[in-house]
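Comments concern the structure below.
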Amino acid sequence: MRVLVINSGSSSIKYQLLDPVSGTVAASGMVSRIGEPVEPGAVTVEHDSDGHTLEHDGAIADHAAGLRVVFDLFAQSGHDLTGEGLYAVGHRVVHGGEVFYRPTLINDAVVRSIDELSALAPLHNPANVVGIESVRRLLPDVPQVAVFDTAFFHGLPDAAKTYAIDAKVAAAQGIRRYGFHGTSHEYVSGRVAEVLGRDASTVNQIVLHLGNGASASAIRGGRAVDTSMGLTPLEGLVMGTRSGDIDPGIIAHLMRTADFDIDAIDQLLNRNSGIKGLSGVNDFRELQRLIDTGDRAASLAYEVYIHRLRHYIGAYLVELGEVDAITFTAGVGENSPQVRADALAGLTRFGITVDPIRNAAKDRAARYISPPDAQIPVLVVPTNEELAIARAATALVT
Ligand code: AMP
């Protein structure tokens, strides 16, 4: 049994063909620079299958053209997608608004609704729609399922989801905290309960998803009660290129005094802020290299990143009152012992300790990084959004 999982961005498509039960990945890859001119010979599609990488070079006009190349590469690597007996296609969709809060079988009306939610996610939902429509044309007989990044946070308590702005304006414009990375927070928190050997409904936990995008969540008995991202994925933690929390007065100030229009604000806060805005690089490994050379701007970026992260950890400890686990996941969370140690430094009297040897271990499995007798277990759990999407799609189609 196989499921194809598709994650369409504005100029990229990431995909995986996998077994939703075992999680075994048959093939995976990425189409990049869709719709952009590319220099001759530039690789635009990379496809990994059975330990081999196939490449395609040349410009990719649009998402449909990219997917046709992907289907050819699948066939070349021995997987004929159209004849593969695909069980389902699972699409990651960023914004489900108030409309979608569980995996949803895709039909024309669902595609229209996802498109209508583009006002809330102009950088993401239009690309998701294009990806869905392209795959539907290429695989018309395979059930397609949308899995929403906001779904896990649909039931946030009113106090956590409400912005303190004019309630009439907020209601008219659908302004509330929606939260994102929900598929990852849900998957990881479920794995944490498994590792602890407890039922998820009995576990209070904090999950720190630290990747290029980053978010924190507070989960009480399997239900999210708070999260750091808001109406859009811009709020909260410092990210690779996004600012996270700022004083909203900065926006009016820039518009008034520096002639920023709304596109310039969007560009500033989404693409030229965060680690990149402070240090010039957005990749955490490069940031660490700069810090090692004594670069002060890079050190400051790191300090701001950790400061904000600790701010949310503190808030969620208080909010939950009793915490059974704190977990790091995603690119930075899974791979940077330094970030994990600094995020939780000096909290021993709150029952939180990171064991240096466990923390430094290079292990790909879910694991503890707190000492065996720790009051609050601290874990690293690799996220797997593709597997979670494949399982959600399978459960809906079965
Ligand atoms: P993600 O969005 O989850 O793919 O995470 C991407 C981020 O993880 C990038 O900033 C990477 O630099 C970071 N990352 C990946 N591997 C490592 C590593 N070994 N050490 C530190 N950061 C890493």
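Details
- Of all residues making up the range 234-250, the number that are open to solvent by less than 50 Å² (accessible area, probe 1.4 Å) and farther than 16 Å from A214 by Cα: 1
- Where strands (runs of 3 or more DSSP E) fall wholly inside the range 42-125, the ranges with 3 or more residues that are surrounded by fewer than 19 Cβ atoms within 10 Å (Cβ to Cβ) are 43-49, 52-57.
- For N107, the conditions (1) farther than 20 Å from E385 by Cα; (2) among the polar types (S, T, N, Q); (3) in contact (Cβ under 8 Å) with a residue 60 or more places away in the chain all hold with the exception of (3).
- Residue check for R340: surrounded by 17 or more Cβ atoms within 10 Å (Cβ to Cβ), within 16 Å of the ligand (Cβ to nearest atom) and not aliphatic (A, V, I, L, M): yes
Every residue, every condition in (1) in a helix (DSSP H, G or I); (2) without any contact (Cβ under 8 Å) to a residue 12 or more places away in the chain; (3) in contact with a Lys or Arg (Cβ under 6 Å, 6 or more places away or on another chain); (4) under 30 Å from M1 (Cα atoms), yes or no:
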residue	(1), (2), (3), (4)
I306	yes, no, no, no
H311	yes, yes, no, no
E334	yes, no, no, yes
R349	yes, yes, no, no
R358	yes, no, no, no
L387	yes, no, no, yes
A392	yes, no, no, yes
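- Within the range 263-296, considering residues that are touching a helix residue (DSSP H, G or I) at 6+ places or on another chain (Cβ under 6 Å) and within 19 Å of I246 (Cα to Cα), the one surrounded by the fewest Cβ atoms within 10 Å (Cβ to Cβ): I265
- Summed over the range 187-212, the residues that are out of contact with any strand residue (DSSP E or B) (no Cβ under 6 Å at 6 or more places or on another chain) and either among the hydroxyl-bearing types (S, T, Y) or under 20 Å from A160 (Cβ atoms) (or both) give a count of 5.
- Looking only at the range 348-365, and only at residues there that are of a type outside the set (V, I, T) and open to solvent by less than 30 Å² (accessible area, probe 1.4 Å), the one that is nearest to the ligand (Cβ to nearest atom): N359
- Failed item in (1) in contact with an Asp or Glu (Cβ under 7 Å, 6 or more places away or on another chain); (2) free of Cβ contacts under 8 Å to residues at least 60 places away in the same chain; (3) of a type outside the set (S, T, Y), with N204 passing the rest: (2)
- Subset of the range 221-237 that is under 15 Å from the mean Cα position of the chain (by Cα) and of a type outside the set (A, V, I, L, M) - its residue that is farthest from the ligand (Cβ to nearest atom): G230
- Among helices (runs of 4 or more DSSP H) entirely within the range 238-295, having at least 1 residues that are of a type in the set (G, A, S) and away from the ligand (no atom under 16 Å from the Cβ) singles out 249-257, 262-271.
The values are calculated or read from the model by the stated rules, or taken from the named source; none is laboratory data. In this text, all values refer to a predicted model and were calculated from it rather than measured experimentally. Cβ atoms come from the backbone with ideal geometry, glycine included; neighbour counts cover every protein chain shown. Accessible surface is based on the protein model in full, side chains and every heavy atom, while ligands, DNA and RNA are left aside. Shrake-Rupley method; radii C 1.70, N 1.55, O 1.52, S 1.80 Å.
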